[in-house]
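Please treat every number below as a calculation from the coordinates, not as lab data. Quantities reported herein were computed from a predicted structural model and do not represent experimental measurements. Heads up, the Cβs are rebuilt from the backbone with ideal geometry, glycines too, and the neighbour counts pull from every protein chain shown.
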Amino acid sequence: MTFDTAIEIIATILNFCFLILVIRENIWCWLFGILGSMVSIYLFIETKLYSESILYSYYVIMGFYGWRKWSSNNKDSPLNVSEVSLLVHLGWITLSISFALALGWFFSNHTDANNPYFDAFTTVFAFLATYFEAIKLRSAWFYWIAINGLSVWLYMERGLEIYSVLMLIYFILSFVGLHKWQKSYRKSKMELL
């Protein structure tokens, strides 16, 4: 087993634990996410997926933000699963497409990046989905379904077979996360009545 394969396995295990715990709305997800992301950064630099390395650096920062946001949860004012309007989503999507095109152009013209535009799109939308996850927006899971499905191909194309399998599992579990958070969303709406 090569060093890079060992790193990929460790990162995969940590990131898988993150997903299982975030689906369960367990605050410990953020610790696993931070650790898994830190290990992943090295891997993505080695495979020239620079947008992914930026993304995983962002995941480290958002891990601390998510931990703080979820730990401020108390019985008097819990952080419940919520949602925003379609208009808000359209605004975020438009902004994200603009950033993805700019990032893709930059990496296409100034680095030796592989699949710079595809990588940029999955990266920028993952930034958005992670923020939505940290503030417990139900719709984060819709974004993750698309991102994880597309990432299966991206990682396979770069020879990251273990990560491709992880993304396939993430893709499937994103539907589970959506279902679970949908139930939490309905429950929190009922409590407001």
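Please compute, over every Cα-Cα pair in the stretch 19-100, the percentage with a separation greater than 21 angstrom. Beyond 21 Å sits 48 percent of the P(r) for the stretch 19-100. The spread of Cα positions in the stretch 1-160, taken along each principal axis and listed from longest to shortest, comes to 51, 40, 22 Å. Amide H to amide H, with H built 1.01 Å from N, Ser82 comes under 5 Å of Leu137, Arg138, counting only residues 5 or more places away or on other chains.
With the helix formula -39500 (n - 2.57) applied to DSSP H stretches of n ≥ 4, the chain reaches a computed 222 nm mean residue ellipticity of -28000 deg cm²/dmol. Counting charges near Phe44 (Lys, Arg +1; Asp, Glu -1) among other residues having Cβ under 10 Å from its Cβ returns a value of -1. Karplus-derived 3J(HN,Hα) values for the stretch 180-190, using 6.51 cos²θ - 1.76 cosθ + 1.60 with θ = phi - 60°, are 5, 5, 4, 5, 5, 4, 4, 4, 5, 5, 5 Hz; glycine and proline are entered as x. The calculated FRET efficiency for Thr2 paired with His110, based on their beta-carbon distance and R0 = 35 Å, is about 0.75. A cut-off under 14 angstrom between Cβ atoms defines the neighbours of Val152, and their net charge, with Lys, Arg +1 and Asp, Glu -1, is -3. Here the 3J(HN,Hα) profile of the stretch 161-167, calculated from phi with Karplus coefficients 6.51, -1.76 and 1.60 at θ = phi - 60°, is 4, 5, 5, 4, 5, 4, 5 Hz, Gly and Pro shown as x. Relative contact order for the stretch 9-84: 26 percent, from Cα pairs under 8 Å spaced at least 6 residues apart, divided by residue count.
Take every pair of alpha-carbon atoms less than 8 Å apart whose residues are at least six positions apart; their mean separation over the length of the stretch 1-158 yields a relative contact order of 20 percent. Taking a straight line from the alpha carbon of Lys136, these lysines sit under 25 Å away, with near neighbours fewer than eight places off in the same chain left out: Lys69, Lys75, Lys180, Lys183, Lys187, Lys189.
Phi-derived couplings, Karplus 6.51 cos²θ - 1.76 cosθ + 1.60 at θ = phi - 60°, listed residue by residue for the stretch 145-154: 4, 5, 4, 5, x, 5, 5, 4, 5, 4 Hz, with x used for Gly and Pro. Go ahead and run the numbers for FRET between Arg24 and Leu101, Cβ-Cβ distance against an R0 of 35 Å, rounding to 0.05. For R0 = 35 Å, the calculated efficiency reads 0.45. Placing R0 at 30 angstrom, the Cβ-Cβ distance between Ser85 and Lys183 gives a FRET efficiency of 0.90 after rounding to 0.05.
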